[in-house]
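What follows is a short report on a single structure.
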Amino acid sequence: EQVPVRIDSVQVEQVVLNLLRNAVDAATSVDGVPARVRIAILTADGVAEIRVSDSGPSVSPDVAQRLFEPFFTTKPDGTGLGLIISKSIVDRHGGRLWAVPSDGGGLEFRVELPMLKPAAMTAN
């Protein structure tokens, strides 16, 4: 099923790829626990929501508050720019990006994007 949202598909693809890459990195860093990365797309109340979650380690509340700060990273080879760039892309699309603890460990990143109203879907 297609979800009617007006986006720059290349930019939003980069957001999703960045979140997936982060989830894979986090999930594979936990010893003895099978890695799990999950992506879901939900729609409700005029928004489309993309959820990307992993089974990696969770983060402390202090770290969670800093995830979207420029140059803050939890990775030894990270630049600390991926999440802030992703957030700015989502913001420019009228949406929002945030993180919550994932069920079963790890983090879940959520992207909300406004869906088009029926009249806007037929207008060109």
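The values are calculated or read from the model by the stated rules, or taken from the named source; none is laboratory data. As the structure is a prediction and not an experimental result, all values here were calculated from the model. For neighbour counting, all protein chains shown are included, and Cβ atoms are generated from backbone atoms with ideal geometry for every residue, glycine included. For accessibility, only protein heavy atoms count, side chains too; no ligands or nucleic acids. Shrake-Rupley method; radii C 1.70, N 1.55, O 1.52, S 1.80 Å.
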Every listed condition ((1) loosely packed, with under 14 Cβ neighbours inside 10 Å; (2) modelled with pLDDT of 95 or more; (3) under 14 Å from Trp98 (Cα atoms)) holds for Val15 save (1)
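If I ask for residues that are open to solvent by 40 Å² or more (accessible area, probe 1.4 Å) and either under 19 Å from Asp91 (Cβ atoms) or in a helix (DSSP H, G or I) (or both), which ones from segment 48-62 would you list? Talk me through it step by step, then tell me what you get.
The initial filter retains those residues of segment 48-62 that are open to solvent by 40 Å² or more (accessible area, probe 1.4 Å), namely 51, 57-62.
Arg51, Pro61, Asp62 - these are the residues of segment 48-62 that are open to solvent by 40 Å² or more (accessible area, probe 1.4 Å) and either under 19 Å from Asp91 (Cβ atoms) or in a helix (DSSP H, G or I) (or both).
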Given (1) at pLDDT below 85; (2) exposed (fewer than 15 other Cβ atoms within 10 Å of the Cβ), identify the lone condition not met by Thr74.
(2)
Lone unmet requirement of (1) over 15 Å from the mean Cα position of the chain (by Cα); (2) at negative phi for Asp45
(2)
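Could you list, in sequence order, the residues of segment 57-71 that are touching a strand residue (DSSP E or B) at 6+ places or on another chain (Cβ under 8 Å) and either under 16 Å from Asn18 (Cα atoms) or at pLDDT 90 or above (or both)? Explain how you work it out, then say what you get.
Of the residues in segment 57-71, the ones touching a strand residue (DSSP E or B) at 6+ places or on another chain (Cβ under 8 Å) are 58-59, 64, 67-68.
Of everything in segment 57-71, those that are touching a strand residue (DSSP E or B) at 6+ places or on another chain (Cβ under 8 Å) and either under 16 Å from Asn18 (Cα atoms) or at pLDDT 90 or above (or both) turn out to be Leu67, Phe68.
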Among the candidates Gly78, Gly105, Gly94, residue that is in contact with a Pro (Cβ under 8 Å, 6 or more places away or on another chain), part of a loop (DSSP other than H, G, I, E, B) and closer than 19 Å to Gln14 by Cα
Gly94
Whichever residue in segment 83-115 is surrounded by fewer than 18 Cβ atoms within 10 Å (Cβ to Cβ) and at positive phi and, among such residues, is modelled with the lowest pLDDT
Gly104
